[in-house]
Each structure stands twice: as structure tokens, then as C-alpha cells.
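Worksheet for the structure shown next.
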Amino acid sequence: MDSTEPDHFDWKPEDFDTKTYLGSFRKVRNAYPLLTVGGVYDNQRAVTSDKRVFILTRSVFAGQQRYGANVWSGDIGSSWESLRNQIPAGLNFTLTGILLQFRHWWLLCRAI
């Protein structure tokens, strides 16, 4: 799944105070990925419980692992600098308890 975060272009500071059912947009916008993958997981399980659900997404929220979601870093540039930045980013991300294993390492091959 790509773009499991709310797309919010040309925002203004007051946009984050917009009221939603669960509170202000500022309070709920980061939970959007959790609710999105949860909906996909629940509906896939409703169709069949014979297959394991696996969701690959570039956005994450605490607790998302319970829905069979794994995270990738999104599109990165094909340079040694990108690789240098991805290693500490991946290590720091895994400290949250959510594995960040999918990266575009193959893009680096284009830079060599």
C-alpha cells in the first residue's frame, strides 16, 4: 500500500484544528495508517481466513504489526549518501519494535 498517510497538500496551520469525529485533525492524523491497514486486514480476513495477510506500506503507527503490516522506507535516491542515511534511519526505526526491512537497495546498484 502506498500513501497510507493522509495526503494534505498546501496546508495552512489552522487546517490542523479542523474537527473530525475523533477530535482535531492534529490529534488523529498520525493514526491514519493504523486505521487504513486495519481495514484492509479485517476485510481480507472476512473474504478468507485460509491465507495470511501481508501488507507492505510506507507509513506506520504503533500497533500496526498486529495487522500483518511491514514498512518500507519509500522511494530513496540511488546514491552513496542515500545508503549512508538509510542505515542509521533503519536502525533507529527498529528501536520502535517495528521492523523496517524493505528498502530500495537495488537503486544503489544504479549509482555504482
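Coordinate-derived values only; no laboratory data. Please read all numbers here as calculations on a predicted model, not as lab measurements. Here the Cβ positions follow ideal geometry from the backbone for every residue, glycine too, while neighbour counts run over all protein chains shown.
What the table shows:
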quantity: Candidate lysines - alpha carbon under 22 Å from Lys27, same-chain residues fewer than 8 apart omitted; calculated: Lys12, Lys19
quantity: For Tyr32, Tyr41, Tyr21, order by how many other beta-carbon atoms lie within 10 Å, fewest first; calculated: Tyr21, Tyr32, Tyr41
quantity: Exposure proxy ranking, count of Cβ atoms within 10 Å, fewest first, for Val71, Val53, Val37; calculated: Val53, Val71, Val37
quantity: Gyration tensor over alpha-carbon atoms, the range 1-96, equivalent ellipsoid semi-axes in Å; calculated: 24, 24, 12
quantity: Thr20 versus Leu91: modelled label distance in nm, points set 7 Å from Cα along the beta carbon direction; calculated: 3.4 nm
